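What follows draws every value from the coordinates through simple rules; no lab data is involved. Keep in mind the model is a prediction, meaning the values are calculated, not measured. Cβ sites come from the backbone with ideal geometry, for glycine too, and all protein chains shown count toward neighbours.
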Amino acid sequence: HKKLLQELKGKETVTTSGKKIKLYANIGSVEDVGSVLQNDAEGVGLFRSEFLYLQENHYPTEEEQFNSYRTVAEMMGRKKVIIRTLDIGADKQIDYFNLKKEENPALGFRAIRICLTREDIFKTQLRAIYRASAFGNISIMIPMITSKWEVDKVKEIICGVKNELSSDGIPFGIVEFGIMIETPAAVMISEVLAEQVDFFSIGTNDLTQYTLAIDRQNPSLDRFYDSHHPAILRMLQMTIENGHKGGAWVGICGELGADVEVTEQLIKMGIDEISVSPSMVFPLREKIRSL
Ligand code: PEP
Ligand code: MG
């Protein structure tokens, strides 16, 4: 079967009726790019940038980050690379951040909340991403958005970073701007958020956790952690509809995207892009080509 799957290399990800789906891969480090290319993903739909912060015992410098982002962008050539900005806190703790111990880390100081509080860390990452954008096809994506003001604020900071780079004569490319939809609040205001962004990427891992009020880290709750729950499926539908109404394309980068039991439903809902772990690219392409 593996050999048969390899025959899907270079083939389009398209349904029998001609609907094309962008099939991307999720990565967690520069080392993963090899398997993205081997498995013929059409882009990187989620580059979890946390590894840069987790592998060292100090804040990664702008230069260190720039080198990693640039390497990935160059290896991917003209294909899209969506870099997700820092998403630590909750299940991913880092000592040198000196974050206070919290009663409810999943509901606490994490991701964009850290970035908007410690702007220096955020700006360093943004500068590195924008500098790397001169060397490939880079997009940026912000995790854990719940409110419109957060998106406004991020865009304001990005604007400042771009102005700084311009006045320093440092080149950068056109960077598509997106947010993750992984909180029920973001789903409910997706009509408003769609006006502010180029794309949405639905993070069903956290969206399931926050919608069903179930800790995604707690294995004893597995039978209650149901990402096929009608509440989740309705949220997907709503996000896709609102995204399209506001002119944003909509993808999915949570685990549910790799679940071939829902592929047909996702496509009927109008999903534009699906991003999965590299090993799932061929099985999913096979599934989509059969629909
Ligand atoms: C998600 O929440 O679905 C997601 C893709 O992000 P992460 O698993 O890194 O939280
Ligand atoms: Mg998430």
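Details
- Taking other Cβ atoms within 10 Å as a rough exposure proxy, Trp249, Trp149 sort from fewest to most as Trp149, Trp249.
- Length-normalised contact order of the chain in % [C-alpha pairs under 8 Å, at least 6 apart]: 22 percent
- Viscosity 1.002 mPa s, temperature 20 °C, Stokes-Einstein D of segment 1-123 from Kirkwood C-alpha radius, µm²/s: 129 µm²/s
- With a simple spin-label model that places each label point 7 Å from the Cα along the Cα-to-Cβ direction, the separation between His1 and Lys20 comes to 2.9 nm.
- Hydrodynamic radius by Kirkwood, which averages 1/r over all alpha carbon pairs of the chain, in angstrom: 19.4 Å
- Among Glu62, Glu273, Glu31, the largest mean-square fluctuation in a Gaussian network model of the chain, built with springs joining Cα atoms closer than 10 Å, belongs to Glu31.
- Shape category assigned to segment 86-213 from the gyration tensor of Cα positions, a/c cut at 1.5: oblate
- For segment 171-291, the C-alpha radius of gyration divided by 2.2 N^0.38 Å, with N the number of residues, is 1.08.
- Listed pairs Lys3/Lys92; Lys9/Lys245; Lys2/Lys287 exceeding 25 Å between Cα atoms: Lys3/Lys92; Lys9/Lys245
- Per-residue Cβ neighbour rank within 10 angstrom, fewest leading, Asp168, Asp87, Asp226: Asp168, Asp226, Asp87
- Comparing Pro143, Pro184, Pro105 in a Gaussian network model of the chain where C-alpha atoms under 10 Å apart are linked, the largest mean-square fluctuation is found at Pro105.
- Inter-part distance where segment 41-86 and segment 129-146 are each reduced to a Cα centre, Å: 9 Å
- For the pair Asn98 and Asp198, label points projected 7 Å from Cα toward Cβ lie 3.7 nm apart.
- Convex hull of alpha carbon positions in segment 25-91: directionally averaged projected area 4.6 nm².
- Within the listed set Asn98, Asn137, Asn67, the Gaussian network model of the chain (springs between alpha-carbon atoms below 10 Å) gives the highest mean-square fluctuation for Asn98.
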